[in-house]
Amino acid sequence: MTTKLSSAKVKILVIAEKLIENEGYVNVSARTIAKKANISVGTLYHHFPRGKMEIVIAIGEKYSEILGMSEFLADPNADPRVWLRKNLELNQKKKAFITAMEIEAMSRPDEVEALIKENIEKRKETQKSLIKAYNMMEKFAGRKLSIERAQLMQKVLKAIMRRHIVFGNHFGSDDEFIDLFIKIAKAVATD
């Protein structure tokens, strides 16, 4: 994560991530995370007032930076299919985390959306990364897009990619998923 975190927060995030990967999100509580981190539950909530949801989103920020692959997005000649395949591969390695994000997003959509927006507004480097991602969405669409249209495409990509991963190749093979997304991207880009 680009934002400097206290050692206590980093410890909580590392332990939470391992617990989620090993035991599954629904089997991990704030109390379990605190116990494994050798801290009180009150200390955990001091650092993450919204509990598990905030922890998952903080872990998500780390993956957003990795999945954005800034160096790759900065390349004007980057192949969008290669970018999408790399995103799929990285997301598939973090299936437990993707499932956790989906659980939170489905159970408390307004709170999750508000917290994500709040975090993005605090981090200008994330906004720069988003603009690079919009440029990639334009490559998928094959034309210039408004920021709003590119944001819609990113939301669609995130939603269908998560479903594809959580439910195990929900849209066929990865190649079929990529072909499907490109068709959707062109459709969304059309006014």
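Residues checked against (1) at pLDDT below 85; (2) within 17 Å of the chain's Cα centre (by Cα); (3) of a type in the set (A, V, I, L, M, F, W, C):
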{"residue": "Thr3", "(1), (2), (3)": "yes, yes, no"}
{"residue": "Glu23", "(1), (2), (3)": "no, no, no"}
{"residue": "Met53", "(1), (2), (3)": "no, yes, yes"}
{"residue": "Ala74", "(1), (2), (3)": "yes, no, yes"}
{"residue": "Asp110", "(1), (2), (3)": "no, yes, no"}
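For segment 169-191, does any single residue satisfy the condition of being out of contact with any His (no Cβ under 9 Å at 6 or more places or on another chain), under 30 Å from Asn27 (Cα atoms), at pLDDT 85 or above and assigned to a helix (DSSP H, G or I)?
no
Being under 24 Å from Glu54 (Cα atoms) and modelled with pLDDT under 85: is that true of Gln127 here?
When the stated conditions are applied, Gln127 passes them.
Go through (1) surrounded by 16 or more Cβ atoms within 10 Å (Cβ to Cβ); (2) in contact with a Gly (Cβ under 8 Å, 6 or more places away or on another chain); (3) at pLDDT 85 or above and name the single condition Phe97 misses.
Going through the list (1) surrounded by 16 or more Cβ atoms within 10 Å (Cβ to Cβ); (2) in contact with a Gly (Cβ under 8 Å, 6 or more places away or on another chain); (3) at pLDDT 85 or above, Phe97 breaks only (3).
The values are calculated or read from the model by the stated rules, or taken from the named source; none is laboratory data. Quantities reported herein were computed from a predicted structural model and do not represent experimental measurements. As a convention, Cβ positions derive from the backbone with ideal geometry for all residues, glycine included, and neighbour counts pool all protein chains shown.
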